[in-house]
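Worksheet: the structure to be examined is printed underneath.
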Amino acid sequence: MPTEAIDPRTHAVLSGISRVAVLEVVRAGTEPLDATAIAGQVGLHPNTVRSHLDRLVAVGLVQEAAEARVRPGRPRLLYSATAPVDDAPEDSYRLLAGILAGGLAGSAPSGVEAAVAAGRRWGSRLAPAAPLPLDAGASTRRIVEILGEVGFSPKVGEQRPAPEADVNAGSHVVIELHRCPFLDVARDHPDIVCSVHRGLMEGALERLHAPGVGVILEPFARPGVCLAHLTTPAAKS
């Protein structure tokens, strides 16, 4: 079924990376959020977030409502998405991802660094902090679980040399990624999308107290499959 044409004003509003991030936080919320709560998640000043929210409200992507309260004082303004994510056109998330990746690509090399940083924040949210450092095997199993939750359909593959791997690397595990959730965007912006995915694994590994595990991503190693190489330093003799 063809999706509804997107209003040109919406394209303009979503041209800013920060505003896309604000919209994604609002859409992901299980309940309406105020500007201060949103600002805490995207790392912006609340006044800047309010400005972005005003633009999103103006084009109908977000709705605002005054908080119902019985106490004296000015009620907070709460923000929510105008429709459940499931009711959005099926390519809407792809559109947002494309806008985000395109904006970051235009600022390379800092765009690649920003993509890695965004991925690390994502990974740190997905991986609960481990009470104790995990060994290489446990870290790999948890990373595979996280990649599966995100939608990569991962499986541990064959042992093989990692491209550009440190000659001093010890153990080496290859994880096959059989389904990229952002495949259409990755074809146009592989550096940005793959940097996000590398950052995702690095951020998760930090939360698992496995910072010594290195990540090398090999995009499109064969048709339909990308490879994630996890390496650990060789034991000192």
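Within this structure, LEU208 fails the test of being under 16 Å from ILE146 (Cα atoms) and either at pLDDT 90 or above or in contact with a Gly (Cβ under 6 Å, 6 or more places away or on another chain) (or both). Residues that are among the polar types (S, T, N, Q) and within 12 Å of the chain's Cα centre (by Cα) do not occur anywhere in region 128-149. Which residue is modelled with the lowest pLDDT, if the candidates are limited to region 35-79 and must be aliphatic (A, V, I, L, M) and farther than 14 Å from ARG19 by Cβ? Out of the qualifying residues, it is VAL70. Restricting region 17-38 to residues that are in a helix (DSSP H, G or I) and more than 17 Å from the chain's Cα centre (by Cα) leaves a set whose member that is surrounded by the fewest Cβ atoms within 10 Å (Cβ to Cβ) is THR36. Applying the criterion of being outside any strand (DSSP E or B) and touching a residue at least 24 places away in the same chain (Cβ under 8 Å) to the residues of region 61-81, the residue that is nearest to ASP34 (Cα to Cα) is ARG76. Taken over region 144-182, the criterion of being at pLDDT below 75 and surrounded by fewer than 16 Cβ atoms within 10 Å (Cβ to Cβ) is satisfied by GLU158, GLN159, ARG160, PRO161, PRO163, GLU164, ALA165, ASP166, VAL167, ASN168, GLY170.
The values are calculated or read from the model by the stated rules, or taken from the named source; none is laboratory data. Quick caveat, the model's predicted, so the values are computed rather than measured. Here Cβ is always computed from backbone atoms with ideal geometry, including for glycine, and neighbour counts include all displayed protein chains.
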